[in-house]
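What follows is a single structure, and I will ask about it in a moment.
The values are calculated or read from the model by the stated rules, or taken from the named source; none is laboratory data. All values reported here derive from a predicted model rather than from experimental measurement. A quick note on method: Cβ atoms are made from the backbone with ideal geometry, for glycine too, and the neighbour counts reach across all protein chains shown. Accessible surface is based on the protein model in full, side chains and every heavy atom, while ligands, DNA and RNA are left aside. Shrake-Rupley method; radii C 1.70, N 1.55, O 1.52, S 1.80 Å.
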Amino acid sequence: CVSAVGQDSFIPPDGICWVSVLSCLLLACSYVGSLYVWRSDLPRDHPAVIKRRFTSVLIVSALSPVFVWTWKVYTGVMPGPSLLALMGIRFEGLIPAIILPLLLTMVLFLGPLIQLAMDCPWGFMDGIRVALDPWFWALCLRDMRWLRNQVVAPLTEELVFRACMLPMLVPCASPSTAMLTCPLFFGVAHFHHVIELLRFRQGTVSGIFLAAVFQFSYTAVFGAYTAFIFIRTGHLVGPVLCHSFCNHMGFPALSTALEHPHRLTILSCYLLGVLLFLLLLFPLTDPLYYGLPTPVCTLASVPSSLCIS
């Protein structure tokens with residue numbers, strides 16, 4: 001085994017945890033707050049609302065590295081890797097970072113993918129032709145909801161909640177603790193949907209809050225997974241692609257699978273996907289593929305299994 005954290009482990013300055021947590025909280029509030037700087041009576045899926053929110057959230061995301069730089073200056077942390085490398089923007093190990101984490105996530109969704117393939121009226125070659133058709137992608141790029149769900153939200157959320165927050169959290173705790181803490185900011189940030197659901201009376205109050213609790217749980221678990229990928233690979237691109245893929249797939253429709261004519265096959269694929277995912281989780285995210293040590297692991301004050309090949 002090769003350790004990414006050497007004998008001369010990083011020693012965090014006193015009080016760094018309070019500064020790190022407050023910085024992450026301020027960054028999360030800035031991201032969510034940017035969605036509400038525009039006054040509008042239109043629902044969140046209206047193209048005009050989406051375009052305005054694109055503007056504000058892209059500005060906050062572009063400024064988010066300033067939070068990390070300010071935190072670094074204030075705390076006196078002087079990491080070896082550059083600021084961009086700490087945020088997962090680097091060339092070393094880029095190709096594996098594009099392919100392997102997405103492949104791992106697709107393995108987890110083996111059941112839903114098989115179910116989609118069975119229910120899809122298109123043949124395999126029809127799907128390939130559509131995927132290679134530039135007009136198809138032109139239509140997607142003109143669809144504001146598609147752009148939000150597949151491009152802007154994955155890119156900005158992973159940049160803010162993973163690439164910027166994890167370098168600030170890892171020095172004051174172990175990478176494992178940071179991996180579990182970071183998603184809490186991400187999950188709480190999604191509670192803002194409750195405001196809009198209540199505002200437009202889209203369901204009962206109890207139903208809306210139950211949905212919010214479920215969404216918090218789901219986004220927190222997903223956030224821990226993408227934080228795991230970020231720490232293990234040291235790249236931003238993997239979490240972004242996995243986030244986009246999961247947004248496209250949505251939460252697995254188990255109830256539909258149970259009622260499907262081929263439910264035994266589909267449920268077997270669900271189980272096989274989960275087992276293969278657990279089996280491949282560490283091998284496919286081995287830091288050896290992405291360059292040892294991964295930049296964020298150089299900030300770890302104690303050795304961690306997440307940083308070891």
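Among E259, E158, E92, which one shows the highest mean-square fluctuation when the chain is modelled as a Gaussian network with alpha-carbon springs under 10 Å?
In the Gaussian network model the winner is E259.
Lys and Arg at +1, Asp and Glu at -1: add these up for the other residues within a Cβ distance under 11 Å of I50 and post the number.
After counting each charged neighbour, the total is +4.
Something else: Just how large is the dipole of segment 16-307 about the Cα centre, in debye to the nearest 20, putting +1 at every Lys and Arg Cβ and -1 at every Asp and Glu Cβ?
600
Then there's this: Roughly how far apart, in whole Å, are the Cα centres of segment 133-153 and segment 240-309?
Answer, in whole Å: 25.
Residues with beta-carbon under 13 Å from that of T156, excluding T156: net charge, scoring Lys, Arg +1 and Asp, Glu -1?
Result for the neighbourhood of T156: +1.
Could you pull out which residues in segment 74-108 have an amide N less than 18 Å from a spot 7 Å beyond the Cα of L267, following the Cα-Cβ vector?
Output list for this probe position: empty.
Please list, in order along segment 30-46, the HN-Hα scalar couplings obtained from phi with the Karplus expression 6.51 cos²θ - 1.76 cosθ + 1.60 (θ = phi - 60°), rounded to whole Hz, x for Gly and Pro.
Those phi angles translate into 5, 5, 5, x, 5, 6, 10, 6, 9, 7, 7, 9, 8, x, 5, 8, 5 Hz.
Right, next: What FRET efficiency, computed as 1/(1 + (r/R0)^6) with R0 = 41 Å and r the Cβ-Cβ distance, is obtained for L275 and L25, rounded to the nearest 0.05?
For R0 = 41 Å, the calculated efficiency reads 0.60.
Right, next: Which of T285, T256, T55 moves the most in a Gaussian network model of the chain with Cα springs under 10 Å?
Highest fluctuation among the options: T256.
Right, another one. Each label point is 7 Å from the Cα along the Cα-to-Cβ direction; what then is the distance between the points at F91 and L113, in nm?
Output for this residue pair reads 3.1 nm.
Considering only protein heavy atoms, what per residue accessible area in square angstrom results for segment 16-307 with a 1.4 angstrom probe?
51
List the longest stretch of the chain that has no exposed loop site; here a site is one of the chymotrypsin sites (Phe, Trp or Tyr not before Pro) assigned by DSSP to anything other than H, G, I, E or B, with at most 11 other Cβ within 10 Å.
123-309
Carbon and sulfur atoms: what percent of the 1.4 Å accessible area of the chain do they account for?
It is 72 percent, rounded to a whole number.
Here's a follow-up. Taking θ as phi - 60°, what are the ³J(HN,Hα) couplings along segment 75-82 by the Karplus curve (6.51, -1.76, 1.60), each to the nearest whole Hz, with x for Gly and Pro?
Result, ordered by residue: 7, x, 5, 10, x, x, x, 5 Hz.
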